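Heads up: the structure comes next, in structure tokens.
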Amino acid sequence: MHGTRGQRGAVFPSPVVILSVLAVAMAGIAYVVTQDSEPTEREVTTVVKQQPKESPAPSYTASATAKPKPKPRVHRGKVYVEVYNNSGITGLAGTVADRATDIGWKVVGSDNWYGTIPATTVYYPKRLKREAKTLALDLGIRRTAPAVDPMRQDRLTLILTDPLD
């Protein structure tokens, strides 16, 4: 009588388990690498200057005749704006895009944004910083920040996290 023959072999994990382990490892590496990085976003606050109650007597000097240079105007209709919804409110990006268009901005698209944004923000490329602040003031938004990838560098990117007031 022959004894029962034992079967020995190797069991390989399924591809799903392997991919899951790799994903967890990559997330851990990304966390460690970005843990000490500085944030690239800034909060914009409005500063109101109080006018003095009594103005001093004017002094007539040579510097009093110099005129300050006027700031260049922002041409809203020449600046592209994309509006993205990062909230759970259906249609928010479209509503705000219509509002910006009514003010005179050239809105070229609206869609949903996938990612984590701390608050409603106008993102801008360096050359459009003044326009970003103007758009933020027009819509009552308090935050502006430099644009980051994957944002386009030829336009303003507005990402909404809540409805505007």
Practice item. Considering only the range 89-117, state which residues are loosely packed, with under 15 Cβ neighbours inside 10 Å, in a loop (DSSP other than H, G, I, E, B), of a type outside the set (Val, Ile, Thr) and at negative phi. Key: Tyr114
Point to revise | Filter result (farther than 20 Å from Gly94 by Cα and either touching a Pro at 6+ places or on another chain (Cβ under 7 Å) or part of a loop (DSSP other than H, G, I, E, B) (or both)) within the range 143-165 | key: Ala147, Val148, Asp149, Pro150, Gln153, Asp154
Review point. Between a first residue in the range 153-165 that is closer than 12 Å to Ile117 by Cα and a second residue that is in a loop (DSSP other than H, G, I, E, B) and not hydroxyl-bearing (Ser, Thr, Tyr), which pairs have beta carbons less than 7 Å apart while being 6 or more apart in sequence or on different chains?
Key: Ile159/Asn86; Ile159/Trp113; Ile159/Ile117; Leu160/Asn86; Thr161/Asn86; Thr161/Ile117; Thr161/Ala119
Practice item. Please give the number of the condition Gly77 fails out of (1) modelled with pLDDT of 90 or more; (2) in a helix (DSSP H, G or I); (3) of a type outside the set (A, V, I, L, M, F, W, C). Key: (1)
Practice item. Could you check, for the range 121-136, whether at least one of its residues is surrounded by fewer than 21 Cβ atoms within 10 Å (Cβ to Cβ), more than 16 Å from Pro163 (Cβ to Cβ) and free of Cβ contacts under 8 Å to residues at least 12 places away in the same chain? Key: yes
Check your understanding: Just wondering, is there one or more residues in the range 72-88 that are small (Gly, Ala, Ser), under 14 Å from the mean Cα position of the chain (by Cα) and at positive phi?
Key -> no
Review point. Which condition number in (1) under 11 Å from the mean Cα position of the chain (by Cα); (2) within 18 Å of Val79 (Cα to Cα); (3) not basic (Lys, Arg) is the one that Leu128 fails?
Key: (1)
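The values are calculated or read from the model by the stated rules, or taken from the named source; none is laboratory data. Everything quoted here is computed from the prediction, not taken from an experiment. Note that each Cβ is placed from the backbone with ideal geometry, even for glycine, and that neighbours are counted across all protein chains shown.
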